[in-house]
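Visitor: Can you read through this structure? Questions will come right after.
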Amino acid sequence: MADPESTVINNNVNQKDPKEALVIAVTTRAIFDLEKEHEIFLTEGKDAYVKHQQANEDNPLEPGTAFAFIQAVQAVNKKLLEKNPEEKGLFDVIVLSNNSPESGVRIINSAKKYGLEISKFCFVSDEDSTQYLKTHNVKLFLSADMTDVCNALQRGVSAALIFQQEIQTPSSQLRVVFDGDSVLFSDETDRVFREKGLEGAVKYEKSMEAVPMGEGPLKAFALSLGKMRKKFDQEDSPIRTYLVTARSGRDMGTRAIKTLREWGLAIDEAFFMDGAPKGPILSKIQPHIFFDDGLHNIQGAQDIGIPSALVPCDCHKGSVEPNIVM
Ligand SMILES: [Mg+2]
């Protein structure tokens, strides 16, 4: 990044190869609880915010919603290196922040205190920090800012919106849950459902059974995660992936399964909920992150302490409410 407005602090953490690594970028508000500080920024302005962060430099921030996910990703790196000390295909975590470097010391100190292995801290003062995602080969971007997430999606990077929430302690194995329609898959069937109702959508799916679905916003990340998953056997894998979809298995499951097969994406477990709430199954799985485009599903998961990430499908309209049922 040659931009004089940005500062990159490269930590040179072990031998990650940017071409082979699975790069995840998180913003500071996704990984740490910065709600109080954000409020200072909004109400009292940038100077008051910087002053507050400098005065609290040695006072570590509390973990945020994406914190456990990042910790779990690092635990997988440890397993990968145990299997093969020369392994280059590791997870690589970048922290992207609109903070200035002077207010960023608290962020770096907090990451150090928790032993987080962050390869780069990027303090960028640009309005649109997502322009750096492609340069860094980022496969997943998590942010607490809707505009950021929409910009990333428009740049073709898998991205989701994180809300500050209470979380229960997830399982020690890295568990990632994907919704199907409008997340892994495109929104084509959602659109048919909105126009023609459930009966119309079932009919459409039957007629299209042999045609794989289009790719959704999280497909690229899911494929990279799937490759990581394949490095381990089923029994000793530190990664487990799930599909939890509102589709019914009987009428609409086949096309979903065929599409995953066509993509070469092996998902460990798939749940076809037939419209039932996803909460009970999520509380059994205890994932580190649950991706869904339905705000009602996200809220249901948050209520039971599941770290949740909204994949907005309505970016161009500037609306957070995705108006989706699948
Ligand atoms: Mg969906």
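Just so you know, all these numbers are worked out from the coordinates, no wet-lab data involved. From a predicted model like this one, the values you see are computed outputs, not experimental measurements. Here the Cβ positions follow ideal geometry from the backbone for every residue, glycine too, while neighbour counts run over all protein chains shown.
Visitor: Mind counting the residues in region 123-155 that are more than 21 Å from LEU34 (Cβ to Cβ) and assigned to a loop (DSSP other than H, G, I, E, B)?
Guide: Of the residues in region 123-155, 5 are more than 21 Å from LEU34 (Cβ to Cβ) and assigned to a loop (DSSP other than H, G, I, E, B).
Visitor: Oh, and also: Find all pairs meeting these conditions: Cβ atoms under 7 angstrom apart; at least six residues apart or on different chains; first residue within region 208-235 and within 13 Å of TRP263 (Cα to Cα); second residue aliphatic (A, V, I, L, M) and surrounded by fewer than 19 Cβ atoms within 10 Å (Cβ to Cβ).
Guide: Matching pairs, first to second residue: GLY226/ALA266.
Visitor: So, of the residues in region 161-190 that are within 12 Å of the ligand (Cβ to nearest atom) and out of contact with any Phe, Trp or Tyr (no Cβ under 8 Å at 6 or more places or on another chain), which turns out to be farthest from ILE289 (Cα to Cα)?
Guide: GLU188
Visitor: Does GLU199 satisfy the condition of being charged (D, E, K, R) and touching a helix residue (DSSP H, G or I) at 6+ places or on another chain (Cβ under 9 Å)?
Guide: Here the answer is no, as GLU199 does not meet what is asked.
Visitor: Being in contact with a Pro (Cβ under 9 Å, 6 or more places away or on another chain) and in contact (Cβ under 8 Å) with a residue 60 or more places away in the chain is true for just one of PRO238, PRO287. Which residue is that?
Guide: PRO287
Visitor: Any residue at all in region 176-189 that is in a helix (DSSP H, G or I) and within 26 Å of ALA276 (Cα to Cα)? Spell out the reasoning first.
Guide: Just the residues of region 176-189 that are in a helix (DSSP H, G or I), to begin with: 188-189.
Okay, now just the ones that are also within 26 Å of ALA276 (Cα to Cα), so 188-189.
Yes, region 176-189 contains a residue that is in a helix (DSSP H, G or I) and within 26 Å of ALA276 (Cα to Cα).
Visitor: So TRP263 clears everything in (1) surrounded by 14 or more Cβ atoms within 10 Å (Cβ to Cβ); (2) without any contact (Cβ under 8 Å) to a residue 40 or more places away in the chain except one condition, right? Which one?
Guide: Going through (1) surrounded by 14 or more Cβ atoms within 10 Å (Cβ to Cβ); (2) without any contact (Cβ under 8 Å) to a residue 40 or more places away in the chain one by one, TRP263 breaks only (2).
Visitor: Going through region 293-317 one residue at a time, which ones are touching a Ser or Thr at 6+ places or on another chain (Cβ under 7 Å), within 15 Å of the ligand (Cβ to nearest atom) and not in a loop (DSSP other than H, G, I, E, B)?
Guide: ILE298, ALA301
Visitor: Also, I was wondering about something else. In the set LYS196, LYS231, which member is more than 18 Å from ASP92 (Cα to Cα), away from the ligand (no atom under 16 Å from the Cβ) and out of contact with any Phe, Trp or Tyr (no Cβ under 7 Å at 6 or more places or on another chain)?
Guide: Being more than 18 Å from ASP92 (Cα to Cα), away from the ligand (no atom under 16 Å from the Cβ) and out of contact with any Phe, Trp or Tyr (no Cβ under 7 Å at 6 or more places or on another chain) holds for just one of LYS196, LYS231, which is LYS196.
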